[in-house]
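*Asks:* Got a structure for you, written out below as structure tokens; questions coming shortly.
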Amino acid sequence: MKFDKIRAVEWRDDHLQLIDQRILPSRHENLCFDNVYEVAKAITDMVVRGAPAIGIAAAYGVVLAARNRFRQDGSDWQKTILKDLETLKAARPTAVNLAWAVDRLATIAAGMDPSTDPEPALLDAAKQIHADDIAANHTMGRLGAGLIAPGSAVLTHCNTGALATGGYGTALGVIRAGYASGAIKEVYADETRPWLQGARLTAWELVQEKIPVTLIADGAAAFLMKQGKVQWVIVGSDRIAANGDVANKIGTYSAAVAARHHGVKFMVVAPTSTIDMATATGTDIPIETREQEELLVCGDKRVAPEGAGAWNPVFDITPAELVDAIVTERGVVEHPTVEKMAGMMAK
Ligand code: MRU
């Protein structure tokens, strides 16, 4: 498939392999995992990031936990693994795909014969989650690109590509599909302070695929829109509440407010594994706050004076009323409401 070469998460030679996203684009290195606690730490430390990719890595983490528990504890493994699963689920709080994937494998594990090796069946389930995510991204790419008039320019935020998913990407999947079809001719990417997912990862992916990309500072987005340079803002999500409120990388809300002010359309692209119908509204979504150092230090260099503090929420909530379209693999919800979201999820 065109524009679909990169895989951040892979099951290889009985191990989980992750591209270390902390050091891209200066170095492209893979890390191997055979222990669930190391997988949980890799998720917390952002070796792997992006809601669907976190969920898939966690699913393979459950496979590793089951393997090790079965070897150590024999037929007690279904009890002793519970602590491992709790640690995995706590690795990052906002992306619901993490709990969704762990719970899905935990349900399968709970129904198994305790004396049988759990690895083959759990590995099949993890591989299925991975394959389903890639397939969903291709479907969403087609659906989302279909909403965009030929020759449009778009702005995206954070990294929502192959690195953030099983492959291809959510918002970046729409951008890949739209570029291939001619709907999209130009891509602007917010650098995405403080972790620079846009500058380091989105730009890397698009350069790998030879799709032209122009970076902007996050603060330049409203001025870009004012100048009529983009027709759509296209983003992913870490969790969408039952009413269509969207949690995504900090800065998404500002982009949505600016888009509405300037008459620019705002599209959210996310698989149904990101939709949390048990969470009523965006205010109920837990927002991760990370270390102050991520803001006070840039690379190896401290940029703020000693004594300055920092507030570092890494996600924000965009209210449903600012969203023109939510694109999922089950269809497009325009101007989301509780009823429309429930209808789409029931398909
Ligand atoms: O902190 P990160 O890099 O894990 O945040 C990622 C995002 O906010 C993405 O936009 C979101 O997970 C959707 S990725 C398909």
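The values are calculated or read from the model by the stated rules, or taken from the named source; none is laboratory data. Since we're looking at a predicted model, the values are computed, not measured. In this analysis, Cβ positions are derived from the backbone assuming ideal geometry, glycine residues included, and neighbour counts consider all displayed protein chains. Side chains included, ligands, DNA and RNA excluded: accessible areas come from the protein's heavy atoms. Shrake-Rupley method; radii C 1.70, N 1.55, O 1.52, S 1.80 Å.
*Asks:* Measure nothing fancy, just the Cα-based angle from helix 51-73's long axis to the longest principal axis of the chain, in degrees from 0 to 90, nearest 10.
*Replies:* 10
*Asks:* For the chain, take the longest principal axis of its alpha carbons; what is the angle in degrees between that and the long axis of helix 96-110, to the nearest 10 within 0 to 90?
*Replies:* 20
*Asks:* Another question, if that's okay. Would you mind checking the pairs Lys185/Lys340; Lys229/Lys265; Lys127/Lys249; Lys127/Lys340; Lys83/Lys249; Lys41/Lys83 and listing those with alpha carbons more than 23 angstrom apart?
*Replies:* Cα-Cα > 23 Å for Lys185/Lys340; Lys127/Lys249; Lys127/Lys340; Lys83/Lys249; rest within.
*Asks:* Taking square-rooted eigenvalues a ≥ b ≥ c of the alpha carbon gyration tensor, is the range 245-332 rounded, prolate or oblate, where a/c under 1.5 means rounded and, failing that, a/b exceeding b/c means prolate?
*Replies:* Cα axes put the range 245-332 in the prolate bin.
*Asks:* Pick out, in residue order, every one of the GluC sites (Glu not before Pro) in the range 158-237 that is DSSP loop and has at most 12 other C-beta atoms within 10 Å; say none if there are none.
*Replies:* Sites meeting the loop and neighbour criteria: none at all.
*Asks:* Run the quick spin-label model on Asp284 and Ala90: label points 7 Å from Cα toward the beta carbon, then report their separation in nm to one decimal.
*Replies:* 2.3
*Asks:* Then there is this: So if each residue of separation counts as 0.36 nm, and I subtract the Cα-Cα distance between Glu293 and Lys83, what length gain in nm does that give?
*Replies:* Full extension of this stretch gives 72.6 nm more.
*Asks:* I'd like the FRET efficiency for Thr116 and Arg22, computed as 1/(1 + (r/R0)^6) with the beta carbon distance as r and R0 of 45 Å, rounded to 0.05.
*Replies:* For R0 = 45 Å, the calculated efficiency reads 0.75.
*Asks:* Treating only the Cβ atoms of Lys and Arg (+1) and Asp and Glu (-1) as charged, compute the dipole magnitude of the chain about its Cα centre; round to the nearest 20 debye.
*Replies:* Roughly 920 debye, rounded to the nearest 20.
*Asks:* I've got another one for you. Could you do me a favour and compute the accessible area per residue for the chain, 1.4 Å probe, result in Å²?
*Replies:* Accessible surface, normalised per residue, equals 41 Å².
*Asks:* Just the Kirkwood number for the chain, please: inverse of mean 1/r across all distinct Cα pairs, in Å, one decimal.
*Replies:* 20.3
*Asks:* Compare the peptides 292-301, 131-140 by average per-residue count of other Cβ atoms within 10 angstrom and give them in order, highest first.
*Replies:* Per-residue mean Cβ counts within 10 Å order the peptides as 131-140, 292-301.
*Asks:* If eta is 0.692 mPa s and T is 37 °C, what Stokes-Einstein diffusion coefficient results for the range 140-345, Kirkwood Rh from Cα pairs, in µm²/s?
*Replies:* 192
*Asks:* What does the helix-only formula give at 222 nm for the chain: each DSSP H stretch with n ≥ 4 adding -39500 (n - 2.57), the total divided by the residues, and the result rounded to the nearest 500 deg cm²/dmol?
*Replies:* So the calculated ellipticity at 222 nm is -12000 deg cm²/dmol.
*Asks:* Further, regarding this structure: Using a 1.4 Å probe on the protein heavy atoms, what percent of the accessible area of the chain belongs to carbon and sulfur?
*Replies:* Accessible surface attributable to carbon and sulfur in the chain totals 54 percent.
*Asks:* The range 9-135: percent of C-alpha pairs farther apart than 26 Å?
*Replies:* 15
*Asks:* Please work out whether the range 147-236 counts as rounded, prolate or oblate from its C-alpha gyration tensor, where a ≥ b ≥ c are the square roots of the eigenvalues and a/c under 1.5 means rounded, while otherwise a/b larger than b/c means prolate and anything else oblate?
*Replies:* oblate
*Asks:* Let me ask you something else. Taking the alpha-carbon centroid of each part, what is the distance from the range 301-347 to the range 85-125 in angstrom?
*Replies:* What the calculation gives is 26 Å, centre to centre.
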